[in-house]
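I have placed the structure first, in the form of structure tokens, so that the comments after it can refer back to it.
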Amino acid sequence: MQHGGDIYTEGLLKGRELIDFSSNINPLGIPESFTNHIDEAVKNLNRYPDAKYRELKYNLKQYINKSFTLFSDGKEQEFIKEEHIIVGNGAAEVIDAVISTFKSILITAPAFGEYEEDALKWCLNIRYSKLTENMEYDYEDIMIKLHKVDALIIGNPNNPNGSIINREKLKKILHFSEENGKKVIIDEAFIEFVGDINQSFVDEIKNYKCLFIVRALTKFYAMPGIRLGFGLCSDIQFIEEIKARQNPWNINSFAEVAAKYVLKDKEYIQMSLNWIREERDYLTKELKSIPFIDKVYETHGNFILCKLKNISCYRFYDMCMEKDIVIRKCDNYKGLGKEYVRFAVKDRNTNYLLIEAIKNLNINEVY
């Protein structure tokens, strides 16, 4: 399976309750600011959504432009306009539509598997830039390889390891791309979890037409079932080209209502930021104490990549399943082998259950 989060095959479909550490969803759950207004979405079910999604785009614009007031003590700024926004049925649809416009692309490795899947589906010529030994981007390698492709796609933070982009080094790449007709797609599906909204590149949208940013409600707002993603770009012609490849009415009334209320729910945002700061540090520290974990990689996301020793991810997965815990095997990420696994960051009680379950495992397999 390409993704984590399969709690159905061995779990729900067999009446078994599993603790899912493979899916990177905010454990605080669906915001009450949505559930308290769900009747509004129900009342809208008897009519088609606005095909131009004007109110939705307004709410998304407000979210981006007010991000420094929502996530910090900063001031509202005009980073984007409504015409800079394209909406999609999840970030996955946006990514797929963007990639379909190119003939060639540069993908960092390891990275979210759908980048490669989409590129292969649309018959793109693919080049790869491997991350360094410490799972950081190799900006010199990216610059060299960018000469021979139409676009670069890069995560901020990156999945599966949680590294973030070095702004000054990427700005050199943006300058080159702007001058040479390249596109730079930054996937910021996990950016809210970083805890520092200054790490987002939304403030560069107005400066670079080559820049396209992908965002979503799925992860931070714990709403994967809503399926709402969006893209940001100041190249209006490129936005229109992507729209032409989409189906009409791709966003439902529940997603529209969610965006209307949860994206200005400052209480939920602050609670989530407090949670991720505490629990990311706690789980990282505890995982470093596990004898059969060789390395715990620094992360800015709500997930932690680890390198195992003396046990494969398959054997470790099975041992965790015996304790009703699902983890993410990472050997299907390009550049990673069967010694890599990933853990989502959950609430304190659930994180504690994970550590207690794995710290006394009898690891005696050499693979």
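The values are calculated or read from the model by the stated rules, or taken from the named source; none is laboratory data. What you see is a predicted model; the values in this text were computed from it and never measured. Here the Cβ positions follow ideal geometry from the backbone for every residue, glycine too, while neighbour counts run over all protein chains shown. When the accessible area is computed, the model is the full protein with side chains, heavy atoms only, and any ligands, DNA or RNA have been set aside. Shrake-Rupley method; radii C 1.70, N 1.55, O 1.52, S 1.80 Å.
So which residues in region 247-275 are open to solvent by 10 Å² or more (accessible area, probe 1.4 Å), in contact with a helix residue (DSSP H, G or I) (Cβ under 6 Å, 6 or more places away or on another chain) and either part of a loop (DSSP other than H, G, I, E, B) or without any contact (Cβ under 8 Å) to a residue 12 or more places away in the chain (or both)?
ASP265
Taking the conditions exactly as written (surrounded by fewer than 22 Cβ atoms within 10 Å (Cβ to Cβ), at pLDDT 95 or above and under 22 Å from GLU116 (Cα atoms)), does GLU298 satisfy them or not?
no
In region 215-232, is there at least one residue being of a type outside the set (S, T, N, Q) and more than 25 Å from GLY113 (Cα to Cα)?
no
Can you say whether PHE343 is touching a Lys or Arg at 6+ places or on another chain (Cβ under 9 Å), surrounded by 21 or more Cβ atoms within 10 Å (Cβ to Cβ) and in a helix (DSSP H, G or I), as far as the supplied structure shows?
Here the answer is no, as PHE343 does not meet what is asked.
Give the number of residues within region 182-203 that are part of a helix (DSSP H, G or I) and either within 11 Å of the chain's Cα centre (by Cα) or over 17 Å from ASP235 (Cβ atoms) (or both). Even if it seems obvious, please write down each step before you answer.
Taking region 182-203 as the starting set, the residues that turn out to be part of a helix (DSSP H, G or I) are 191-194, 197-199, 202-203.
Then keep just the ones that are either within 11 Å of the chain's Cα centre (by Cα) or over 17 Å from ASP235 (Cβ atoms) (or both); that gives 191-194, 197-199.
Of the residues in region 182-203, 7 are part of a helix (DSSP H, G or I) and either within 11 Å of the chain's Cα centre (by Cα) or over 17 Å from ASP235 (Cβ atoms) (or both).
Looking at this structure, is ALA111 touching a residue at least 40 places away in the same chain (Cβ under 8 Å), among the small types (Gly, Ala, Ser), more than 19 Å from ASN198 (Cβ to Cβ) and in contact with a helix residue (DSSP H, G or I) (Cβ under 9 Å, 6 or more places away or on another chain)?
no
What number of residues in region 235-245 are open to solvent by 20 Å² or more (accessible area, probe 1.4 Å) and farther than 19 Å from ASN59 by Cβ? Spell out the reasoning first.
Step one: of region 235-245, the residues open to solvent by 20 Å² or more (accessible area, probe 1.4 Å) are 235-237, 240-241, 243-245.
The next check asks that each one be farther than 19 Å from ASN59 by Cβ; those that pass are 235-237, 240-241, 244-245.
Going through region 235-245 one residue at a time, the tally reaches 7.
State which residue is modelled with the highest pLDDT when the search covers only region 1-24 and only residues that are among the aliphatic types (A, V, I, L, M), open to solvent by 30 Å² or more (accessible area, probe 1.4 Å) and in a loop (DSSP other than H, G, I, E, B).
ILE7
Just name the residue that is least open to solvent (accessible area, probe 1.4 Å) out of those in region 25-45 that are of a type in the set (S, T, N, Q) and more than 25 Å from TYR352 (Cβ to Cβ).
Per the criteria, the residue is SER33.
Looking at region 49-68, which of its residues are open to solvent by 10 Å² or more (accessible area, probe 1.4 Å), in contact (Cβ under 8 Å) with a residue 24 or more places away in the chain and not hydrophobic (A, V, I, L, M, F, W, C)?
Listed by number, the residues that qualify are PRO49, ARG54, GLU55, LYS57, TYR58, ASN59, LYS61, GLN62, LYS66.
Of the numbered conditions (1) touching an Asp or Glu at 6+ places or on another chain (Cβ under 9 Å); (2) open to solvent by less than 10 Å² (accessible area, probe 1.4 Å), ILE126 fails exactly one; give the number of that condition.
Result: ILE126 fails condition (2) only.
Provide a single number: the residues in region 164-181 that are over 16 Å from GLU140 (Cβ atoms) and either more than 21 Å from the chain's Cα centre (by Cα) or modelled with pLDDT under 95 (or both).
Result for region 164-181: 4.
How many residues does region 145-173 contain that are in contact with a strand residue (DSSP E or B) (Cβ under 6 Å, 6 or more places away or on another chain) and more than 30 Å from GLU279 (Cβ to Cβ)?
6
Quick one: how many residues across region 316-361 are out of contact with any Leu (no Cβ under 7 Å at 6 or more places or on another chain), farther than 16 Å from GLU286 by Cβ and of a type in the set (A, V, I, L, M, F, W, C)?
Here the count works out to 2.
For region 160-184, name all the residues that are of a type in the set (D, E, K, R) and open to solvent by 40 Å² or more (accessible area, probe 1.4 Å).
Matches in region 160-184: ARG167, GLU168, LYS169, LYS171, LYS172, GLU178, GLU179.
Please work out which one of (1) out of contact with any Leu (no Cβ under 6 Å at 6 or more places or on another chain); (2) surrounded by 22 or more Cβ atoms within 10 Å (Cβ to Cβ) is the condition LEU217 fails and give its number.
(1)
Specify the residue that is most open to solvent (accessible area, probe 1.4 Å); the eligible residues are those in region 301-325 that are over 27 Å from SER272 (Cα atoms), not basic (Lys, Arg) and not in a helix (DSSP H, G or I).
GLU322
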